[in-house]
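Asks: So that we are looking at the same thing, I have put the structure below in structure tokens.
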Amino acid sequence: MSHLVRFADGTGAVRVGLLTGEQLRPLAVASMSDLLRRPVAEIRELAEAAGEPVSTAGTRLLPPLDGRMEVWAAGVTYLRSEEARREESADEDVYARVYRAKRPELFFKSAAWRVVTDGKPIAIRADSANNVPEPELGRVRSRPRAC
């Protein structure tokens, strides 16, 4: 299986590539956001035309976001969180409607510059007394173009 990745090469230059197993091949694009603006057929063509494999020595994988990209989430949270939101809210029915809605709630999670890659430390505000880590599964998806 192949993955589209952002990486910093041995010189520190940030690039986009196709990672297949241990093989990393650069793509002819300026950024991940540039790549994801393109139609799927064009992305496939760029992947097929990926450059010669580069040495992975000194390279490091970066979060798959850049520029003005954002992280949004969809879903509902655990029952205990629903109960806590109701307790905090002046109108507890607002949260009840969210949990019973036909579609998931959409909510902003982060700007691209705040996202870290696997194994890197995260920032926690010094004035935050309640920090609860929760596992997240992410998927990068580009916006479909109008026909």
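Asks: When you scan the stretch 114-129, do you find a residue that is surrounded by 10 or more Cβ atoms within 10 Å (Cβ to Cβ), over 17 Å from Leu4 (Cα atoms) and at pLDDT below 80, even just one?
Replies: no
Asks: Quick one: count up the residues across the stretch 1-53 that are among the β-branched types (Val, Ile, Thr), open to solvent by less than 60 Å² (accessible area, probe 1.4 Å) and either modelled with pLDDT of 95 or more or touching a Leu at 6+ places or on another chain (Cβ under 9 Å) (or both). Spell out the reasoning first.
Replies: At the first step, the residues of the stretch 1-53 found to be among the β-branched types (Val, Ile, Thr) are 5, 11, 14, 16, 20, 29, 40, 43.
Checking the rest, the ones that are also open to solvent by less than 60 Å² (accessible area, probe 1.4 Å) come to 5, 16, 20, 29, 43.
Restricting the remaining residues to those that are either modelled with pLDDT of 95 or more or touching a Leu at 6+ places or on another chain (Cβ under 9 Å) (or both) gives 5, 16, 29, 43.
Total meeting the criteria: 4.
Asks: Of all residues in the stretch 1-29, count the ones that are within 19 Å of Glu70 (Cβ to Cβ) and part of a loop (DSSP other than H, G, I, E, B).
Replies: 0
Asks: Tally up the residues in the stretch 45-54 that are free of Cβ contacts under 8 Å to residues at least 24 places away in the same chain and within 25 Å of Glu70 (Cβ to Cβ), please. Give the derivation first.
Replies: Taking the stretch 45-54 as the starting set, the residues that turn out to be free of Cβ contacts under 8 Å to residues at least 24 places away in the same chain are 45-46, 48-49.
This time we only want the ones that are within 25 Å of Glu70 (Cβ to Cβ), so: 46.
Residues flagged as free of Cβ contacts under 8 Å to residues at least 24 places away in the same chain and within 25 Å of Glu70 (Cβ to Cβ) within the stretch 45-54 amount to 1.
Asks: Looking only at residues that are part of a loop (DSSP other than H, G, I, E, B) and over 23 Å from the mean Cα position of the chain (by Cα) in the stretch 54-68, which one is surrounded by the most Cβ atoms within 10 Å (Cβ to Cβ)? So that I can check it myself, show each step before the final result.
Replies: The first filter runs over the stretch 54-68 and keeps only residues part of a loop (DSSP other than H, G, I, E, B), leaving 55-59, 63-68.
Checking which are over 23 Å from the mean Cα position of the chain (by Cα) leaves us with 55, 57-58.
Details: Ser55: 9, Ala57: 7, Gly58: 11.
Top of the filtered list is Gly58.
The values are calculated or read from the model by the stated rules, or taken from the named source; none is laboratory data. Just so you know, these numbers come straight off a predicted model, no measurement behind them. Here the Cβ is made from the backbone with ideal geometry for all residues, glycine too, and neighbour counts use every protein chain on show. Each accessible area value is taken on the protein alone, full model and side chains, heavy atoms only, with ligands, DNA and RNA left out. Shrake-Rupley method; radii C 1.70, N 1.55, O 1.52, S 1.80 Å.
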